[in-house]
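The values are calculated or read from the model by the stated rules, or taken from the named source; none is laboratory data. As the structure is a prediction and not an experimental result, all values here were calculated from the model. Glycine gets a Cβ as well: all are built from the backbone with ideal geometry, and neighbour counts include every protein chain shown.
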Amino acid sequence: MTYKVNGVEITLQPTTGRWLGRAVLGVTGLAHPVYPSLRSYELVWGAMTPAEFNQLQTFFNAVITTGSAVVDLPQYGASTYTFYSYSGCALQEPEASVYFTEHQMDVTLIINKVQT
């Protein structure tokens with residue numbers, strides 16, 4: 001069970017991954033919150049080589065023109081740690097902070113438009 005984008009395993013598996021909270025869009029007349037139907041997932045790495053970061057950038061570059069990707073993530077709300085292939089996802093451009101001994105630090109990749 002590993003993280004994948006369009007069937008390709010991410011070379012360096014992330015240090016952490018998490019489902020991001022959804023912002024409340026409004027409140028119904030009965031005081032129930034209204035949420036967007038789509039979710040986002042965050043992948044984080046502490047340090048990454050330029051080649052590993054390039055893989056993430058290549059995923060982004062391929063998807064930005066087609067508009068969507070299939071991403072394997074832990075299944076939302078499942079009773080076990082099971083990966084599921086979510087289609088129609090959008091990737092944000094990967095971000096990193098500083099270089100340290102030829103490694104990019106604090107790398108983050110956000111996957112949006114995840115239909116759970």
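Entry remark, region 1-39: residues being assigned to a strand (DSSP E or B), in contact with a helix residue (DSSP H, G or I) (Cβ under 8 Å, 6 or more places away or on another chain) and under 18 Å from GLN115 (Cα atoms) number 1 in total.
Tell me whether region 57-67 contains one or more residues that are under 17 Å from GLY7 (Cβ atoms) and aromatic (Phe, Trp, Tyr). The answer is yes, given that some residue of region 57-67 is under 17 Å from GLY7 (Cβ atoms) and aromatic (Phe, Trp, Tyr).
The one condition from (1) of a type in the set (Val, Ile, Thr); (2) without any contact (Cβ under 8 Å) to a residue 60 or more places away in the chain; (3) under 13 Å from ASN6 (Cβ atoms) that VAL71 does not meet is (2). Take the conditions in a loop (DSSP other than H, G, I, E, B), at pLDDT 95 or above, farther than 23 Å from GLY7 by Cα and touching a strand residue (DSSP E or B) at 6+ places or on another chain (Cβ under 8 Å) and apply them to SER79. Does it pass? Here the answer is no, as SER79 does not meet what is asked. Evaluation of ARG22 against the conditions (1) out of contact with any Pro (no Cβ under 7 Å at 6 or more places or on another chain); (2) without any contact (Cβ under 8 Å) to a residue 24 or more places away in the chain shows that the sole unmet condition is (1).
Just one of the numbered conditions (1) in a strand (DSSP E or B); (2) surrounded by 13 or more Cβ atoms within 10 Å (Cβ to Cβ) is not true of GLY46: (2). In the set (1) surrounded by 14 or more Cβ atoms within 10 Å (Cβ to Cβ); (2) touching an Asp or Glu at 6+ places or on another chain (Cβ under 9 Å); (3) farther than 28 Å from TYR81 by Cα; (4) of a type in the set (A, V, I, L, M), ILE64 fails one condition alone, (1).
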